[in-house]
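**Q** Below are the structure tokens for one structure; questions will follow.
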Amino acid sequence: MFHRQPAAYALGSTTIDLCLSLFPWATFRRAKAAIKLHTLLTLQGNFPTVISVSTGSVHDVHLLDQLVWEAGSFYIMDRGYLDFARWQRIHQCGAFFVTRAKQNFRCVRRYSRPVDKTTGLRFDQTVVLTGLDAQHNYPAPLRRVGYRDPETGKMRIFLTHNFIVPARTIAQLDRGRWQIELSTSNGSSSICASKPFTARRPTRGAPKSAVPLPFTCSSPF
């Protein structure tokens, strides 16, 4: 019998500036138009499995409502996707999130596990959220992992609800997320360099792909 192996995905977005006079529907800022490219990238092969295009004003966190979570898989995302109620849905689906903690993240430590600080790890804690709304939206414990990057010296604090994999693996998974930032940044640079999108109207006979994009679209690969 075939059993699907758990996968690891990186979730991110990039904003692509557009000419406001040509794309007035692409709401972003008062004097600027833009679209946002949301990408779910599998780290086994570094190719996108989901791409969703929205106007630039749509917050990243709304993409979490569109995804189908695979039980046992890891989803690595940045701090823009912090939403306790949506995290609870990921938890209930049997999938695992890994994200960076914001500076104003509030919690209470319940337990600390020993770590090997020569690997860059600083702590591995079990915590619970504080505040009535936060506790209501996500009542389960979280794992809080501290890691100092030996190359840059920067301190990073990760949050997940997976208590099984080693703490160092949690820190290494975030490195894979950098691939999606590089991929989407390169993609936006290529699109912004296309004159029909930023400087002039498409010439007669130009392909339809050069005309304004639809308001939203989502297509699995």
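The values are calculated or read from the model by the stated rules, or taken from the named source; none is laboratory data. Here the structure is a predicted model, which is why all the values come from computation and not from measurement. Glycine also receives a Cβ, built like all others from the backbone with ideal geometry; neighbour counts cover every protein chain displayed.
**Q** Scan 68, 58, 98 and give me the residue that is buried (at least 20 other Cβ atoms within 10 Å of the Cβ), among the β-branched types (Val, Ile, Thr) and either at pLDDT 95 or above or over 20 Å from residue 142 (Cα atoms) (or both). Even if it seems obvious, please write down each step before you answer.
**A** Numbers: 68 fails: buried (at least 20 other Cβ atoms within 10 Å of the Cβ); 58 fails: buried (at least 20 other Cβ atoms within 10 Å of the Cβ).
Result: 98 is the single residue among 68, 58, 98 that is buried (at least 20 other Cβ atoms within 10 Å of the Cβ), among the β-branched types (Val, Ile, Thr) and either at pLDDT 95 or above or over 20 Å from residue 142 (Cα atoms) (or both).
**Q** Considering each of 156, 148, 177, 122 in turn, give the residue that is closer than 19 Å to residue 82 by Cβ and either modelled with pLDDT of 95 or more or in contact with a Lys or Arg (Cβ under 8 Å, 6 or more places away or on another chain) (or both). First the steps, then the outcome.
**A** On the way: 148 fails: closer than 19 Å to residue 82 by Cβ; 177 fails: either modelled with pLDDT of 95 or more or in contact with a Lys or Arg (Cβ under 8 Å, 6 or more places away or on another chain) (or both); 122 fails: closer than 19 Å to residue 82 by Cβ.
One residue alone meets the criteria, 156.
**Q** Follow-up. Check 53, 68 and return the single one that is among the β-branched types (Val, Ile, Thr) and in a loop (DSSP other than H, G, I, E, B).
**A** None of the other options fit; the residue is 68.
**Q** Also, quick follow-up: Conditions first: (1) more than 25 Å from residue 150 (Cβ to Cβ); (2) surrounded by 18 or more Cβ atoms within 10 Å (Cβ to Cβ). Residue 74 passes all but one, so which condition is the exception?
**A** Looking at each condition in turn, residue 74 falls short on (1).
**Q** Based on this model, can you work out whether residue 14 counts as modelled with pLDDT under 90 and either crowded, with 19+ Cβ neighbours inside 10 Å or among the β-branched types (Val, Ile, Thr) (or both)? Spell out the reasoning first.
**A** Values: modelled with pLDDT under 90: yes; either crowded, with 19+ Cβ neighbours inside 10 Å or among the β-branched types (Val, Ile, Thr) (or both): yes.
Criteria met by residue 14.
**Q** Which members of the range 101-125 meet the condition of being loosely packed, with under 15 Cβ neighbours inside 10 Å and either acidic (Asp, Glu) or closer than 25 Å to residue 58 by Cα (or both)?
**A** Within the range 101-125, 102, 103, 104, 116 meet the criteria.
**Q** Test residue 53 against the stated conditions and say whether it is at pLDDT below 95 and in contact with a Cys (Cβ under 6 Å, 6 or more places away or on another chain). Please lay out each step first, then the result.
**A** On the way: at pLDDT below 95: yes; in contact with a Cys (Cβ under 6 Å, 6 or more places away or on another chain): yes.
In short, yes.
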